[in-house]
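Just so it is clear, none of the values below were taken in a lab; they were calculated from the coordinates. A quick note: this is a predicted structure, and the numbers were derived from the prediction, not measured. All Cβ positions, glycine included, derive from the backbone under ideal geometry; neighbour counts span all protein chains shown.
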Amino acid sequence: MIADLYEAAVDDDRWPSFSKLIGKAAGIDDVAVWLTEDGEITEFSIVDTWREWQQPYAEHFSKIDPWAASIKRAPPGRVMLGYEHMREDDLVKTEFYNDFARPGGMFRPMGMRLQLAPGAFAIVGSDLPAAKRHFEESDKPRLQTLMPYVRNALKLRLRVNRQASRIEAAALNRLAFGVVICDADGRVSFANAAAEALVRSGAGVTLGGRNLKAVLPAEARPLSALVKDAAGGGPGGVVRLSGGDAGPIIALVTPLARRSDGDRGVGHAMVSLRPAWDEPAFDQAMLERLFGLSPAQAQIALALFEGRSPEQIAAERGIRITTLRTHLAEIFLRTGAETQRDLVRLLGTLPPLRGRDADASP
């Protein structure tokens, strides 16, 4: 069991089963483990029966959870029952209980907080379905016995993740364009050096309070909508931000890739930023060669990547929107994209080679 815990802690494919292993050893069906750094939840390992509650908890109910609020003040490593945090006759009157705990079959949880490093904690929570008996004092010792092994396994996971984060941050800082990683509400967890430089130069975005926002209110809504969409697992998209002293920038919003159901990437988006005047990683000639596009089709693809709508492109080219949509259908066929967003994402993944250098001799 101990070997399985350590393996699940460091293997992303097995991490979702970490909570199930704790439950198996303690004779409990429903167990969840969530990790926090500086007060923010970074990742979960949760049994299948609670999985549907994972996102609502992270987005809202974690902020009003009376058990979690109390356990933060309790001595780390001490197993406690729900009524030690809040009287049960008071609990049943709360929004948290009626809208979250009761529908999820939770009434008297048993759990604890484990300190993994300065500012980094794990919370282990468990419950018995309401239809069964409730936890009693006699249930504590078995879970308490497991905690030294759980804590050490999670400390190892934290070290591995931090090492990986340092490597990822170093790689992202080498990119010439800005990269910001944020959650659905725009809270920034990482911004590379190029993104920080764009903000300092007076570009159309701000990281004030470490929240990603467009400078102009009229542009803030579209950007926030794309971030929320991508962080929720949607495709995201592209938006042109004209506000700011440094001129317009293009923001490409994409979902952050995740390695497993319990991965920290869940609920985050990556926003790539570049000045609108900056030449992209490709030009018309390169698109013609890569995908067999006609000159007109390559120009339309470039215009979409730069944030212009089909209606704007049709007006600029002096053609009907139906003619433009015919061009789009052919562009999608040749590139393999299914939608405009797919096309923008595809172009955003092209390697950083200038078109004029593509045929240059080494």
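Below is a table of values for the structure above.
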quantity	calculated
Dipole in debye (nearest 20) - the range 284-357, about Cα centre, beta carbon charges: Lys, Arg +1; Asp, Glu -1	60
Label-point separation, K24 to D283 (7 Å along Cα→Cβ), nm	5.9
Separation of the I319 and D89 label points, Cα + 7 Å toward Cβ, nm	7.6
Peptide ranges 117-127, 90-100 listed from the most packed, as the mean C-beta count within 10 angstrom indicates	117-127, 90-100
Structure-based [θ]222 nm, the chain - -39500 (n - 2.57) summed over DSSP H runs of at least 4, per residue, nearest 500	-12000 deg cm²/dmol
Furthest towards positive pole of dipole, Q144, P103, P56, structure part the range 1-147, Cβ charges	Q144
Length-normalised contact order of the range 2-165 in % [C-alpha pairs under 8 Å, at least 6 apart]	25
Potential lengthening between A197 and R166 on full extension [0.36 nm per residue; Cα-Cα distance subtracted]	9.2 nm
Spin-label model distance (nm) - D245 vs S309, 7 Å beyond Cα toward Cβ	3.2
Packing-based order for 40-46, 5-11, using average beta carbon neighbours within 10 Å, highest first	40-46, 5-11
Three-way shape label, the range 88-234, alpha-carbon gyration tensor, a/c 1.5	oblate
Gain on full stretching of the segment that runs from Y149 to D38 - 0.36 nm per residue minus C-alpha separation	37.6 nm
Order by protection proxy (mean Cβ within 10 Å, highest first), peptides 230-237, 242-249	230-237, 242-249
Taking L302, L21 and counting other C-beta atoms within 10 Å, the order from fewest to most	L302, L21
Whole-Å semi-axes of the chain's equivalent ellipsoid (Cα gyration tensor)	48, 21, 19
Gained length - L175 relative to I64, 0.36 nm times residue gap less alpha-carbon distance	36.0 nm
Distance between the range 164-239 and the range 18-92 - C-alpha centres, whole angstrom	30
Charge dipole (debye, nearest 20) of the chain; +1 at Cβ of Lys and Arg, -1 at Cβ of Asp and Glu	460
